[in-house]
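Everything below concerns the one structure shown next.
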Amino acid sequence: MRDISPLQKERLAYKPKLAGALANGIKNIKLALGAETQAVADREDIKKLFSHVYGKPIAKFDTVGQDLSDELKNIGVILSGGQAPGGHNVIAGLYDAIKTANKENKLYGFLGGPSGIVDGKYMEMTDEIINAYRNTGGFDIIGSGRTKLETEDQFKKALEVCKKLNISAIVIIGGDDSNTNACLLAEWMAENNTGISVIGCPKTIDGDLKNDQIEISFGFDTATKTYAELIGNIQRDANSAKKYWHFIKLMGRSASHVCLEVALQTQPNITLIGEEVEAKKQSLNDIVSYMATIIAQRGNAGKNFGTALIPEGLIEFIPEMKVMIASLNDLLAGLEKDETYKNASQNQKYEIISSKLDTESANLFNSLPSQIKAQLLMDRDPHGNVQVSKIETEKLLIEMVREKLEEMKKQGSYKGKFADQAHFFGYEGRCAMPSNFDADYCYSLGYNAFALVQSGLTGYLSSIKNTTKPASEWVAGGVPLTMMMNMERRHGEMKPVIKKALVDLEGAPFKALEKNRDKWAKEDCYIFPGAIQYFGPSEVCDVTTITLQLEQEKQLVNV
């Protein structure tokens, strides 16, 4: 075995708790089905595209219902998209369920993400391999990738690989886009009478894959606790040195859940929430004025320090920026094939872009620093969108706030000093050693995925509910993937995708921030959460996110 730390050695030995009925063992649970379901939006379009898997009922496992099949099954598993703490435990839970059902069952891990099943690159999971990765962070057991499964050729190649390995089910561990691919694959497999089922597992540290049936995506708990520790450390340093403003961008491409959760854990002076910016139609100048006003108030009170949290996707929530970026996404999809554009210098590209945008977007684009323009024109992500993680929003805001404060100084309304530090916390949390919550939750998700397979279901997402209660009270089941889908524009075309869950401005988590943000802005109310704890009292080691607790109507002392 490779060298490991004493903590990892202890974590390898940790025995995750199984959800509710699953604790009875894979041979002692039964399936109960509810009413048929419908897509969240664009129902006729989704039904037409997914006629074989649409409208299936919500599934629940209990001790009463239909017995599960004990038929021998080989399963394939894929890690898809960005890493999230707990992925290894999903595979461990899946493996243990498979072997408990029938020791002759086999689990094949496809290497490097979805491309592995297309290219026939795989490895058989064994006790030795699984035991070396239990309760560890990362996706390095089989690797991950962002290949989209959506073409007839890909599906046919995947089928051939499955036939070769006698695979009867595929489990795809991923976020909203990865599970959209899972739904497409499930539909194709069903349409072609392959007998191969497809089950998804909800992964993303961004927290935007959730609904009434999926309370939390795995990895969110660990990642936000990791970021909260780092920010708590920074706040203690700021409160000690008393001379820096820390502008901290936090990962979360399309939603501000991470930023909101970390704010509730650490109580910074400024927290920007993208969904609020959009709802209030705030301009870039509005945001800068808001931040500068707080900084000036603190500076005039002799407090030339503080922390500001900025969601990664903020720039796309600013209405004027959102319009410009949407135009850029469509425009660049065509220009990437234009030889004149491809061979142009960077400044010439700016001129070409500006000439093709409408007047307002062109003026906004031209007003941005060259560094930000360049970041906007970087290679698109796999969905044809601007890579907002590459845009250094925190540095853009620092420069604009500095200019605003200089104006305020000249006007006599600001008498403090402004010194800045910029941070981006993202990758630091994606592969952290999973918290006890994520270790337990992920293990149950994987175990539950096989229970869905054994039930003969396809096109479902593994679901574990009631997660603020002890694991013995968690409810295991499955939600049809089509239930979460709608139509959205991708690469200039309308495509079926799982709808992202954005921060609910009427929800309890945001209301807790809204209630306290003025006090946190003026006073030093910092909380220093410290490192994730794995050993000790349950109220320290097993507690989940403040967001989930508030959503489940629990009362907290600090909020």
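The values are calculated or read from the model by the stated rules, or taken from the named source; none is laboratory data. Worth saying up front: this structure is predicted, and the values here are computed from it rather than measured. As a convention, Cβ positions derive from the backbone with ideal geometry for all residues, glycine included, and neighbour counts pool all protein chains shown. Side chains are part of the model used for accessible areas, which takes the heavy atoms of the whole protein and leaves out ligands, DNA and RNA. Shrake-Rupley method; radii C 1.70, N 1.55, O 1.52, S 1.80 Å.
Observations on the model:
- Modelled label reach - Lys409, point 7 Å along Cα→Cβ, region 266-296 residues with backbone N closer than 13 Å: 296
- Gain in span if fully extended, Glu553 to Ser538, counting 0.36 nm per residue against the direct Cα distance: 3.5 nm
- Cα pair count fraction exceeding 31 Å, expressed as % - the chain: 50
- Under a model in which nothing but the beta-carbon of Lys, Arg (+1) and Asp, Glu (-1) is charged, region 267-314 shows a dipole of about 280 debye around its Cα centre.
- Between helix 319-335 and the chain there is an angle of about 60 degrees, using the helix long axis and the longest principal axis of the Cα atoms.
- Within the accessible area of region 422-559 (1.4 Å probe), percent carbon and sulfur: 50
- Environment charge of Asp208, counting only residues whose C-beta is closer than 10 Å and scoring Lys/Arg +1, Asp/Glu -1: +2
- Helix-derived mean residue ellipticity, 222 nm - over the chain, DSSP H n ≥ 4, -39500 (n - 2.57), to 500: -13000 deg cm²/dmol
- Percentage relative contact order, the chain, counting C-alpha pairs under 8 Å, at least six apart: 24
- Note on region 177-231: Kirkwood hydrodynamic radius from all Cα pairs is 13.1 Å, rounded to one decimal.
- Counting only protein heavy atoms and a probe of 1.4 Å, the accessible surface of region 273-373 is 47% carbon and sulfur.
- Extents of region 256-301, taken as max minus min of Cα coordinates on every principal axis and listed largest first, are 32, 27, 11 Å.
- Stretch gain in nm, segment Asp70-Val40, where the contour uses 0.36 nm per residue and the Cα spacing is subtracted: 7.4 nm
- Dipole magnitude for region 337-458: about 360 debye, using +1 per Lys or Arg Cβ and -1 per Asp or Glu Cβ, origin at the Cα centre.
- Axis angle, to the nearest 10 degrees, between helix 436-454 and the longest C-alpha principal axis of the chain: 40 degrees.
- Full extension of the chain segment joining Leu505 with Lys519 gains 3.1 nm, where the gain is 0.36 nm per residue of separation less the Cα-Cα distance.
- Per-residue 3J(HN,Hα) values for region 121-131, derived from phi via the Karplus relation 6.51 cos²θ - 1.76 cosθ + 1.60 with θ = phi - 60°, read 9, 7, 9, 7, 6, 10, 4, 4, 5, 4, 5 Hz in sequence order (x marks Gly and Pro).
- Per residue, the chain exposes 41 Å² of accessible surface when a 1.4 Å probe is rolled over the protein heavy atoms with every protein chain present.
- Tilt relative to the chain, helix 346-356 - C-alpha long axis, 0 to 90 degrees, to 10: 90
- Among 225-232, 514-521, the peptide with the highest mean count of other Cβ atoms within 10 Å heads the list, and the full ranking is 225-232, 514-521.
- Cα radius of gyration and Dmax for region 288-329 (Å): 14.7, 45
- This model, with +1 at the C-beta of Lys and Arg and -1 at the C-beta of Asp and Glu, gives the chain a dipole about its Cα centre of some 880 debye.
- Counted over all Cα-Cα pairs of region 31-73, pairs farther apart than 12 Å make up 68 percent.
- Expressed as a whole percent, the accessible area of region 156-251 that falls on carbon and sulfur atoms is 43 (1.4 Å probe).
- When each of Lys225/Lys499; Lys163/Lys465; Lys356/Lys495; Lys48/Lys156 is checked by Cα-Cα distance, pairs over 29 Å: Lys163/Lys465
- Computed from the C-beta positions of Lys469 and Lys356, the FRET efficiency with R₀ = 60 Å rounds to 0.65.
- For region 411-454, taking the reciprocal of the average inverse distance between every pair of different Cα atoms yields a Kirkwood hydrodynamic radius of 15.2 Å.
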